[in-house]
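Data first, discussion second: the structure below is written as structure tokens.
The values are calculated or read from the model by the stated rules, or taken from the named source; none is laboratory data. Nothing here was measured: the structure is a model prediction, and the numbers come from that model. Backbone-built Cβ (ideal geometry, glycine too); neighbour counts: all protein chains shown.
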Amino acid sequence: MQLRVLGSSAGGGFPQWNCNCPQCDGVRQGRVRATPRTQSSVAVSADGRDWLLINASPDILTQIRATAQLQPARALRDSGIAAVLLMDAQIDHTAGLLMLRERRSPLPLLATREVLAELEDSLPLTRVLSHYCGVAPHVLPLDGSRFSVPGLPGVVVQALALSSSPPPYSPHRSAPRPGDNIGVLLHNPATGARIFYAPGLGALTPELLELLASCSAVLVDGTFWSADEMQRLGLGTRSAADMGHLPQSGPGGMLEHLARLPASVRKVLIHINNTNPILIEDGAERAALAACGVEVAHDGMTIEF
């Protein structure tokens, strides 16, 4: 099986279109060693032809053009995207659904009841799509059970409720529910290998750490380096925790947790905000990650499992 990173940045991409922080301005001007990134999304396939798209980024058309596997050209109108799984209802994970409207059949859409409700009412993307291809909704179970993806034999998934926040537009923003944000555990039935993917993660429990320790690779929240990153740069008033993210550095940070995992687990940070100094390839923060055996995801990264 294969997981391909289509987009590795947080919302807004890198460089962000309206941002002149040191990373964004530096990469535009060529003053820093950094690689541009599109907004967070991955795709998974058992056969290399039919793919489960996990999160539909606003950059989906750019990502499809950069990924030949998503256009296998089996017919005059065709796509390698067989189904879409949404991990939350954030705009940067759902807006790309509108770009898939030219499908000739309803788009299989896997999400929790909470996310499907947000996309029916608060941000009515599914109602809009009903006037185009339409969607075929599938409710994700949160009881720990494994499930197969329609039209994708060999792809086995578990959905796990995570501690994070629903979107700012949600009426539940101040009172998160278990289905507002999930992680996914991807299984290869043939080898027993597992990958855990969670671009939004506000906390790591002992139970979740135990699960991560049993995986061959984990791709987890790399949004912010420090808890007060946005505040220090004058780009916002909320902390990483306020936005539902666990920063990498500091006591109780992501790096401290990842250090508890066995060396056999491949550790990758994804969903990296444009303000995060780990984007600078020859910077001190990137060196600190390398010393911990932690990688930074990039668009086009491929993981076989």
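Looking at this structure, is His131 under 30 Å from Leu209 (Cα atoms) and at pLDDT 95 or above?
No; evaluated as a whole, the condition is false for this residue.
So which residues in region 90-132 are assigned to a helix (DSSP H, G or I), of a type outside the set (A, V, I, L, M, F, W, C) and under 22 Å from Leu201 (Cα atoms), if there are any at all?
Matches in region 90-132: Asp92, His93, Thr94, Gly96, Arg113, Glu114, Glu118.
Give region 249-299 a look and list any residue that's of a type in the set (Val, Ile, Thr) and either more than 30 Å from Ile60 (Cα to Cα) or within 20 Å of the chain's Cα centre (by Cα) (or both), or say none.
If the condition is that a residue be of a type in the set (Val, Ile, Thr) and either more than 30 Å from Ile60 (Cα to Cα) or within 20 Å of the chain's Cα centre (by Cα) (or both), then Val265, Val268, Ile270, Ile272, Thr275, Ile278, Val294, Val296 are the ones that fit.
What number of residues in region 191-204 are closer than 21 Å to Ser145 by Cβ, surrounded by fewer than 22 Cβ atoms within 10 Å (Cβ to Cβ) and either touching a residue at least 40 places away in the same chain (Cβ under 8 Å) or touching an Asp or Glu at 6+ places or on another chain (Cβ under 7 Å) (or both)?
Counting residues in region 191-204 that are closer than 21 Å to Ser145 by Cβ, surrounded by fewer than 22 Cβ atoms within 10 Å (Cβ to Cβ) and either touching a residue at least 40 places away in the same chain (Cβ under 8 Å) or touching an Asp or Glu at 6+ places or on another chain (Cβ under 7 Å) (or both) gives 3.
Here are some residues: Leu208, Leu246, Leu186, Leu212. Which one is within 21 Å of Leu86 (Cα to Cα), within 17 Å of the chain's Cα centre (by Cα) and in a helix (DSSP H, G or I)?
Leu212
Which condition number does Ile280 fail, the rest of (1) in contact with a strand residue (DSSP E or B) (Cβ under 6 Å, 6 or more places away or on another chain); (2) within 20 Å of Cys19 (Cβ to Cβ) being met?
(1)
Condition check ((1) assigned to a loop (DSSP other than H, G, I, E, B); (2) among the aromatic types (Phe, Trp, Tyr); (3) in contact with a His (Cβ under 8 Å, 6 or more places away or on another chain)) across all residues:
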residue: Asp143; (1), (2), (3): yes, no, no
residue: Phe147; (1), (2), (3): no, yes, no
residue: Gly154; (1), (2), (3): no, no, no
residue: Gln158; (1), (2), (3): no, no, yes
residue: Pro167; (1), (2), (3): yes, no, no
residue: Pro171; (1), (2), (3): yes, no, no
residue: Pro176; (1), (2), (3): yes, no, no
residue: Gly179; (1), (2), (3): yes, no, no
